[in-house]
Amino acid sequence: MINLSRIDLRSDTLTLPTRGMKEAMTNAALGDDVYGEDPTVNELEKKVAAMFGMEAALFCPTGTMTNQLGIKVHTQPGDEVICDKTAHIYLYEGGGIAVNSLCSVRPLEGKYGMITAESVKTSINNPEDIHQPITSLVALENTTNKGGGAFYDFKEIIKIKEVCTQNNIALHLDGARLFNALAETEETPLDYGKTFDTISICLSKGLGCPVGSLLIGKKDKITKARRLRKLMGGGWRQAGGLAAAGIYALDNHVDLLKDDHKRAKELEKILNELPEIEYINPVATNIVMAKLPNTIDSATFVNKLRENNIYCSSFGKDLVRFVTHLDFSDEQLNLFAERISNIKF
Ligand SMILES: *Cc1c(COP(=O)(O)O)cnc(C)c1O
């Protein structure tokens with residue numbers, strides 16, 4: 001049961017499974033996935049691979065795991081990974097690139113978490129120079145998280161791909177919220193499947209599943225990732241109930257993402273009225289990233305809202321994040337506006 005009186009916009013991971021999703025989970029056919037015998041996990045992996053026109057997919061508990069596996073299958077110890085300086089793989093995966101793949105990172109100064117083909121090109125190390133780490137991977141994030149839910153112009157992605165191909169570098173997508181980008185653009189999953197070597201998607205964000213992410217790619221990479229998942233202790237058994245939630249979400253929840261985006265736009269309008277907010281990153285999808293003036297720090301702001309039963313996240317000293325999701329209704333949006341207008345900062 002969602003508590004109507006609490007308005008929780010800390011993350012789109014906070015959703016509870018819908019009735020239909022729970023039914024699908026209860027009725028799922030099960031088997032031991034380490035033996036490759038869970039029919040529902042197999043169905044989900046096949047469905048997602050086909051959706052992206054790629055050879056294979058691997059179901060994992062988290063997006064951190066699918067990203068880390070994606071990075072590891074493309075790199076050797078000592079290599080370098082190029083990404084934006086606010087990338088989730090760099091800032092929010094516990095230093096996993098260093099620990100799991102023994103690689104260094106070249107963080108680029110992007111815009112709203114997005115980098116350009118030009119900046120990638122100038123950041124690739126000369127493979128002939130024995131001083132420098134070998135650049136073996138570029139990782140993009142779409143939509144961006146810390147960048148405030150922004151999405152790439154696909155033309156730029158194609159240009160980045162060309163740079164990667166010319167330099168024999170793999171391209172990975174952290175698509176934790178790729179379906180949010182797809183809801184606002186003309187591209188299809190097939191376009192992304194043609195362009196990236198590996199793609200990570202999350203079922204546990206806007207799509208509303210309790211757990212689950214997939215790594216998608218060529219057969220040899222996914223086979224390698226399956227071995228590494230086991231090594232990391234991520235070989236699971238009767239995971240079909242969770243896979244059933246994923247299949248249900250892909251069939252029923254993708255079309256609802258646009259509603260989350262509309263509500264995020266409304267939140268932007270309401271928040272823009274507050275003098276305690278300096279500016280808001282352009283709201284493109286379901287994330288509202290607001291910059292506070294130096295007269296109030298984010299912890300104080302967050303606590304003030306919490307006293308009024310509105311939950312949001314602090315993202316550093318002067319940024320606060322609001323994320324819309326399946327369990328945030330129009331009714332709660334109205335309640336949000338009412339409560340915000342009564343807060344004395
Ligand atoms: C949430 C998220 C992930 C994965 O997080 P998990 O909590 O490990 O599932 C990866 N990348 C981005 C951009 C995210 O927002």
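The values are calculated or read from the model by the stated rules, or taken from the named source; none is laboratory data. These numbers were taken from a predicted model, which means no experiment stands behind them. Ideal geometry is used to build each Cβ from the backbone, glycine not excepted, and the neighbour counts take in all protein chains shown. Heads up: the accessible areas ignore ligands, DNA and RNA and are worked out on the full protein's heavy atoms, side chains in. Shrake-Rupley method; radii C 1.70, N 1.55, O 1.52, S 1.80 Å.
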Within segment 54-72, residues crowded, with 24+ Cβ neighbours inside 10 Å and not in a loop (DSSP other than H, G, I, E, B) come out as Ala57, Leu58, Phe59, Cys60, Gly63, Thr66, Asn67, Gln68, Leu69, Gly70, Ile71
Just one listed residue, out of Thr185, Thr143, is in contact (Cβ under 8 Å) with a residue 24 or more places away in the chain and open to solvent by 30 Å² or more (accessible area, probe 1.4 Å), and it is Thr185
Going through segment 197-220 in order, the residues found to be surrounded by fewer than 24 Cβ atoms within 10 Å (Cβ to Cβ) and more than 27 Å from Arg19 (Cα to Cα) are Asp197, Lys218, Lys219, Asp220
Over segment 25-79, the set of residues basic (Lys, Arg), more than 16 Å from the ligand (Cβ to nearest atom) and in contact (Cβ under 8 Å) with a residue 60 or more places away in the chain is Lys47
Kindly evaluate Ser314 against the criterion of being touching a strand residue (DSSP E or B) at 6+ places or on another chain (Cβ under 9 Å), open to solvent by 40 Å² or more (accessible area, probe 1.4 Å), farther than 30 Å from Arg226 by Cα and among the hydroxyl-bearing types (Ser, Thr, Tyr). yes
Residue set Phe322, Phe301, Phe345, Phe328; condition open to solvent by less than 30 Å² (accessible area, probe 1.4 Å), hydrophobic (A, V, I, L, M, F, W, C) and assigned to a loop (DSSP other than H, G, I, E, B); output residue Phe328
Selection status of Ser5, within 20 Å of the chain's Cα centre (by Cα), in a loop (DSSP other than H, G, I, E, B), under 30 Å from Arg306 (Cβ atoms) and not assigned by the TED database to the domain that holds Gly148 = no
Please verify whether Gly149 is assigned to a helix (DSSP H, G or I) and open to solvent by less than 40 Å² (accessible area, probe 1.4 Å), treating the condition exactly as stated. no
Taking segment 88-112 and keeping only residues that are open to solvent by less than 10 Å² (accessible area, probe 1.4 Å) and either part of a strand (DSSP E or B) or within 14 Å of the ligand (Cβ to nearest atom) (or both), one is left with Ile89, Gly96, Ile97
